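K.L.:
One structure, as structure tokens, below. Some questions next.
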Amino acid sequence: MSFNRIAVIGTGTIGAGWATWLLSRGLEVVAWDPGQDAENRLRRFIDVAWTDVEQLGLAPTADPTRLRFAATAEEACEGADFVQENAPEKVELKARLLARLDAATDAQVVIASSTSSLLMAQIQVECRRAPQRCILGHPFNPPHLMPLVEVSGSERTAPEALDRAMEFYRTIGKKPVRLRREVQGHIAGRLGAAAWREAVHLVAEGICDVADVDMAMVYGPGLRWASMGPHMTFHLGGGAGGMRHYLDHLGPSQERRWADLGNPSLTPEVCDALVRGVEDEAAGRTPEALARQRDRALVAVQKALNALDP
């Protein structure tokens, strides 16, 4: 199945990132968002984000002008080969919207929903035409720079729809992973939640401050995890014997650390400590400035990783 015209439904932060990346792949994008001044906001986002995408060195023939903004969601879906929905994280809103997209789109076209915490079983309930082609296609933020897309579906989702989604995301240069069954938070979200839970615990217990936690992650595990995941990292931790040696000799110490991990509550006191900590660490830099710093780093890291590919 060829993919030429993509409908992007919802053009907030995630949808705008999707539109930017899809345009950079030379695809035609038809977008829709009910927000006031949505089209101008999207075009301004693309103008700023385009430089970062170009610096990745992956889009020499890209054309940012292949964008059209539709008056309705139904119009955006006309003739679409794939639909990427990015509405806010509200079950009722997404369920109603997916029902509209389902009714307006050819039954063979995959409808992918971007959601960090909802399940497809919750939001495809009102689809009547072809609910089996509805899948979760969750990108990591910002979508125009992060390669990961997590793909899953409910028991009603057809395996063929998941296959087509995986093919689509690979075709456009993403790194899709497929869950065997859906779960809240998917894979990366749960890993991030686990790491942040311990980060909050360390601050709440007065073990260290916010900036020290962030520095420890960036210049410790973060550097290693940029090139290898946790399983492969611990495999190398076992030396010549690999994972088997690590588990045999250091498994018990790992279990002791697991048992000692915290389970903090976001009390008003803890929230205040976190807010003060990030404000001190930001040192006057606005969220917009910090996002630009993050995006420049993401471009640099990916260019370095791409240079290592065999």
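The values are calculated or read from the model by the stated rules, or taken from the named source; none is laboratory data. The structure presented is a predicted model; accordingly, all values stated were derived computationally and were not measured. FYI the Cβ positions are ideal-geometry reconstructions off the backbone, even for glycines, and counts take in every protein chain you see. We work out accessible area using only protein heavy atoms, side chains counted, and drop any ligands, DNA or RNA first. Shrake-Rupley method; radii C 1.70, N 1.55, O 1.52, S 1.80 Å.
K.L.:
Which of the numbered conditions does Gly241 fail, given that it passes all the others? Conditions: (1) in a helix (DSSP H, G or I); (2) in contact with a helix residue (DSSP H, G or I) (Cβ under 7 Å, 6 or more places away or on another chain); (3) small (Gly, Ala, Ser); (4) loosely packed, with under 14 Cβ neighbours inside 10 Å.
P.N.:
It is condition (2) that Gly241 fails.
K.L.:
Return the residues of the stretch 147-174 that are hydrophobic (A, V, I, L, M, F, W, C) and under 19 Å from Ile6 (Cα atoms); say none if nothing qualifies. It would help to see each step written out before you state the result.
P.N.:
Initial filter on the stretch 147-174 (hydrophobic (A, V, I, L, M, F, W, C)): 148-149, 151, 158, 161-162, 165-166, 168, 172.
Answer for the stretch 147-174, where residues must be hydrophobic (A, V, I, L, M, F, W, C) and under 19 Å from Ile6 (Cα atoms): Leu148, Val149, Val151, Ala161, Leu162, Ala165, Met166, Phe168, Ile172.
K.L.:
I'd like to know if the stretch 204-211 contains one or more residues that are of a type in the set (Asp, Glu) and assigned to a loop (DSSP other than H, G, I, E, B).
P.N.:
Step one: filter the stretch 204-211 for residues of a type in the set (Asp, Glu), giving 205, 209.
Remaining after also requiring assigned to a loop (DSSP other than H, G, I, E, B): 205, 209.
There is at least one residue in the stretch 204-211 that is of a type in the set (Asp, Glu) and assigned to a loop (DSSP other than H, G, I, E, B).
K.L.:
Scanning for something among the acidic types (Asp, Glu), modelled with pLDDT under 90 and surrounded by fewer than 19 Cβ atoms within 10 Å (Cβ to Cβ), does the stretch 65-87 turn up at least one residue?
P.N.:
Within the stretch 65-87, none of the residues are among the acidic types (Asp, Glu), modelled with pLDDT under 90 and surrounded by fewer than 19 Cβ atoms within 10 Å (Cβ to Cβ).
K.L.:
So which of Pro143, Pro147 is closer than 30 Å to Arg296 by Cβ and surrounded by fewer than 21 Cβ atoms within 10 Å (Cβ to Cβ)?
P.N.:
Pro147
K.L.:
So is Gly26 modelled with pLDDT of 95 or more, under 23 Å from Asn306 (Cβ atoms) and either in a helix (DSSP H, G or I) or open to solvent by less than 30 Å² (accessible area, probe 1.4 Å) (or both) or not?
P.N.:
no
K.L.:
If you don't mind, there's one more thing I want to ask. Kindly indicate the residue of the stretch 179-208 that is more than 21 Å from Arg276 (Cα to Cα) and open to solvent by 60 Å² or more (accessible area, probe 1.4 Å) and also nearest to the chain's Cα centre (by Cα) among those meeting that condition.
P.N.:
Filtering the stretch 179-208 for residues that are more than 21 Å from Arg276 (Cα to Cα) and open to solvent by 60 Å² or more (accessible area, probe 1.4 Å), the one nearest to the chain's Cα centre (by Cα) comes out as Ile187.
K.L.:
So, in the stretch 244-267, of the ones that are within 31 Å of the chain's Cα centre (by Cα) and of a type in the set (S, T, N, Q), which residue ends up surrounded by the most Cβ atoms within 10 Å (Cβ to Cβ)?
P.N.:
Gln254
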